[in-house]
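Undergrad: Below is one structure. I have some questions about it.
The values are calculated or read from the model by the stated rules, or taken from the named source; none is laboratory data. Given the structure is predicted, the values throughout are model-derived calculations rather than measurements. Positions of Cβ are generated from backbone atoms using ideal geometry, with glycine treated the same way; all protein chains shown enter the neighbour counts.
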Amino acid sequence: MTSSSESGRLPRGVQVLIAGGGPVGLAAAVELGRRGVGCLVVEPRSAVSTARPRCKTVNVRTMEHLRRWDLADRLRERAPLPASWSQDVVFCTSLTGHELSRFTGVLGLSPEGDRFPEVGQQVPQYVLEELLREAVAGIDGCALVLGSRVVAVRQDADLVSVTVEDASGRQSTVTADYVIGCDGPRSVVREQIGSSYSGGEALRPNFGMVFACPELWGHVKHGPAVQYWVVNPSAPALVGPIDRDGTWWAIAFGVDRETGEREARRIIDGLAGRPVRAGVLSTDPWTARMQIADRMRDRRVFLAGDAAHLNPPFGGHGLNTGIGDAVDLGWKLAAVLNGWGGPGLLDGYETERRPIQERVVGEATANMRVLSTELLADNLDDGDETGARARAAAGTRIQDTKKAEFHSLDLVLDLHITASPVITFAPCAVGAGSPGARLPHRFLEDGRSLYDLLGPDLTLLVLDGAAGKKAIEDAAAVLGVPLKTLELPGSAGTGRAGPGLLLVRPDQIVAWVGNRAPDDAMALVDKVRGGTWSRSPAAR
């Protein structure tokens, strides 16, 4: 298959059909396609719109996946703002007014030694989406069909029949082994499997817009920042640069569509702190939702991204959580379709992802409790001692209430899977390098990243000559499980002291640890692959 914009070229059958070609659906196709799985992505939009930047934070974890896909450097080349441009968030009374507080080294934009191989990247969502479209088009066996949408899903024990409708209303049927619904908040796939959101919605609206104001950089008093939180009664808002040429995005808090469209220029002047020459390029009214689908699977059909969960954008976790869904589900589906994954592997998808999604929704909701509207106070712009005291008090509150939003790497990197049918949890192993955790990263003495040395499927990491690798290698060979053995001196990259063995999954999650092979190595490998060879106590 090849990339196509004509639904008339739909195949009759495909291994995986993905409904929705936003970043999450495209990421799922890249993960699957790079593993030799045939994919069809069905997307209603013919072109990626640059009118609304939407997500602007591609976090460290997503950048690690992009590195695996050989896309990290390509994204940075296209980003209008390099990560080195600024790693600050500023709170101020206006862009020309008083600074109230500042956070530095935010959102994973600064290196932290060995902790990760890729810093985060601020970039409009449409840049990432265009890159992922190109990546899908370059993978043999993957197709992106534009201008069409999934309208119905029907499945039996062996296949899923998907009805696809093009822009003219003509319908075609495609059969697939599996379907992934990445079709957003109004997901047809979610509706078709009888799943529904549970959760709540914020009480007040927000008004997003993109505007052009080249002169604004000449007025900003606070230096470069990726975000400016404006705290004043005329325009409590969040604003940031899309590029260095004068294109800006803004969110006016508590402003509805009608007011925002009528008073957009006044809001821009309010956040600037002075009249400026600006042109509104696009608007995007929205209300935050905190919702998760009650189930993310019905037999051969799965949900991922916004089709499965929604959270407020504060902290920049929404898209990145969706990419995490795509990676988790993608490698597991590929393992099953390529013959080495057992029937229990797909049971681990919702078991593993739901607690992560719930944690992210909770953290983003907490971040939303204090916005510019909650930070308003008298005398913030006064030039006397009263103003100085008011600003100092505001600065203290900002540091107390907003730090977690901008310094959230523990949430991004250290979320620990605590329940899964395909991870062998060790009762005494907790924290970095333990089962269910992301393998701690390390740059080796020759400068290479540990992650770059991992295999595409399972990797057996052998430290300091730990015994037992052959038993695990032999078990993998018998079960047909692709396994790379990587031997390293000492505890390089694991956070563990002394010799040891670690079985690492394709998503860099540790599936098992031990100082020697278990008595039943076959049962261990079979559990991690989701098989049914054995369920002996040694593998549990």
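Undergrad: Return only the number of the condition from (1) under 17 Å from the mean Cα position of the chain (by Cα); (2) over 20 Å from Pro11 (Cβ atoms) that Arg133 does not satisfy.
TA: If we test Arg133 against (1) under 17 Å from the mean Cα position of the chain (by Cα); (2) over 20 Å from Pro11 (Cβ atoms), just (2) comes out false.
Undergrad: Criterion first (surrounded by fewer than 20 Cβ atoms within 10 Å (Cβ to Cβ) and outside any strand (DSSP E or B)) does Glu112 satisfy it?
TA: Yes; evaluated as a whole, the condition is true for this residue.
Undergrad: Looking at Arg52, Arg102, Arg61 in this structure, which one is farther than 20 Å from Glu134 by Cβ and modelled with pLDDT under 95?
TA: Result of the check over Arg52, Arg102, Arg61: Arg52.
Undergrad: Kindly indicate whether Glu64 is in contact with an Asp or Glu (Cβ under 6 Å, 6 or more places away or on another chain) and either more than 26 Å from Ile251 (Cβ to Cβ) or not in a helix (DSSP H, G or I) (or both).
TA: Against the criterion (in contact with an Asp or Glu (Cβ under 6 Å, 6 or more places away or on another chain) and either more than 26 Å from Ile251 (Cβ to Cβ) or not in a helix (DSSP H, G or I) (or both)), Glu64 qualifies.
Undergrad: Here is a follow-up. Strands (runs of 3 or more DSSP E) wholly in the range 182-284 with at least 3 residues that are surrounded by fewer than 20 Cβ atoms within 10 Å (Cβ to Cβ) and in contact (Cβ under 8 Å) with a residue 60 or more places away in the chain - which ones?
TA: By residue number, 197-201.
Undergrad: Next up: Mind checking whether some residue in the range 293-306 is touching a helix residue (DSSP H, G or I) at 6+ places or on another chain (Cβ under 8 Å), of a type in the set (Asp, Glu) and either surrounded by fewer than 24 Cβ atoms within 10 Å (Cβ to Cβ) or within 30 Å of Pro456 (Cα to Cα) (or both)? If you could, list the steps in order and put the result at the bottom.
TA: Here is the first cut: in the range 293-306, the ones touching a helix residue (DSSP H, G or I) at 6+ places or on another chain (Cβ under 8 Å) are 293, 295-297, 301-306.
If we keep only those that are of a type in the set (Asp, Glu) too, we end up with 306.
Filter once more, so that each one left must be either surrounded by fewer than 24 Cβ atoms within 10 Å (Cβ to Cβ) or within 30 Å of Pro456 (Cα to Cα) (or both): 306.
Checked the range 293-306: at least one residue is touching a helix residue (DSSP H, G or I) at 6+ places or on another chain (Cβ under 8 Å), of a type in the set (Asp, Glu) and either surrounded by fewer than 24 Cβ atoms within 10 Å (Cβ to Cβ) or within 30 Å of Pro456 (Cα to Cα) (or both).
Undergrad: Working carefully through the options Val361, Val370, find the one that is in the same structural domain as Gly22 (by TED's automatic domain parsing) and either out of contact with any Cys (no Cβ under 6 Å at 6 or more places or on another chain) or assigned to a helix (DSSP H, G or I) (or both).
TA: Val361
Undergrad: Report, by residue number, each residue of the range 378-403 that is of a type outside the set (Asp, Glu), part of a loop (DSSP other than H, G, I, E, B) and surrounded by 14 or more Cβ atoms within 10 Å (Cβ to Cβ).
TA: Step one: of the range 378-403, the residues of a type outside the set (Asp, Glu) are 379-380, 383, 386-399, 401-403.
Restricting the remaining residues to those that are part of a loop (DSSP other than H, G, I, E, B) gives 379-380, 383.
Matches in the range 378-403: Asn379, Leu380.
Undergrad: Still on this model: Suppose we filter the range 321-353 for residues that are surrounded by fewer than 24 Cβ atoms within 10 Å (Cβ to Cβ) and in contact with a strand residue (DSSP E or B) (Cβ under 7 Å, 6 or more places away or on another chain); how many remain?
TA: Of the residues in the range 321-353, 3 are surrounded by fewer than 24 Cβ atoms within 10 Å (Cβ to Cβ) and in contact with a strand residue (DSSP E or B) (Cβ under 7 Å, 6 or more places away or on another chain).
Undergrad: State which residue is surrounded by the most Cβ atoms within 10 Å (Cβ to Cβ) when the search covers only the range 311-320 and only residues that are of a type outside the set (Gly, Ala, Ser) and farther than 17 Å from Pro355 by Cβ.
TA: Out of the qualifying residues, it is Leu319.
Undergrad: Could you run through the range 281-302 and say how many residues are among the hydroxyl-bearing types (Ser, Thr, Tyr) and touching a Gly at 6+ places or on another chain (Cβ under 8 Å)?
TA: Result for the range 281-302: 1.
Undergrad: Quick one: in the range 35-53, which of the residues that are over 20 Å from the mean Cα position of the chain (by Cα) and assigned to a strand (DSSP E or B) is surrounded by the fewest Cβ atoms within 10 Å (Cβ to Cβ)?
TA: Among those that are over 20 Å from the mean Cα position of the chain (by Cα) and assigned to a strand (DSSP E or B), it is Leu40.
Undergrad: Identify all residues within the range 404-416 that are outside any helix (DSSP H, G or I) and either modelled with pLDDT of 95 or more or not hydrophobic (A, V, I, L, M, F, W, C) (or both); write none if there are none. Give the steps one after another, and end with the answer.
TA: Initial filter on the range 404-416 (outside any helix (DSSP H, G or I)): 407-408, 414-416.
Residues satisfying the conditions are His407, Ser408, Asp414, His416.
Undergrad: Test each condition in (1) loosely packed, with under 15 Cβ neighbours inside 10 Å; (2) assigned by TED's automatic domain parsing to the domain that holds Ile251; (3) out of contact with any His (no Cβ under 9 Å at 6 or more places or on another chain) for Asp410 and report the one that comes out false.
TA: With respect to (1) loosely packed, with under 15 Cβ neighbours inside 10 Å; (2) assigned by TED's automatic domain parsing to the domain that holds Ile251; (3) out of contact with any His (no Cβ under 9 Å at 6 or more places or on another chain), Asp410 is out only on (2).
Undergrad: Oh, and also: Would you call Gly316 in contact (Cβ under 8 Å) with a residue 12 or more places away in the chain, under 25 Å from the mean Cα position of the chain (by Cα), in a loop (DSSP other than H, G, I, E, B) and at positive phi?
TA: So Gly316 fits the description; yes.
Undergrad: A further question on this structure: Among what's in the range 430-483 and is among the acidic types (Asp, Glu) and not in a helix (DSSP H, G or I), pick the residue that is modelled with the lowest pLDDT. Steps first, answer last, please.
TA: From the range 430-483, those among the acidic types (Asp, Glu) are 445-446, 452, 457, 464, 473-474; that's our starting set.
When the remaining residues are screened for being not in a helix (DSSP H, G or I), the result is 445-446, 457, 464.
Numbers: Glu445: 90, Asp446: 91, Asp457: 97, Asp464: 84.
Only one residue tops the list, namely Asp464.
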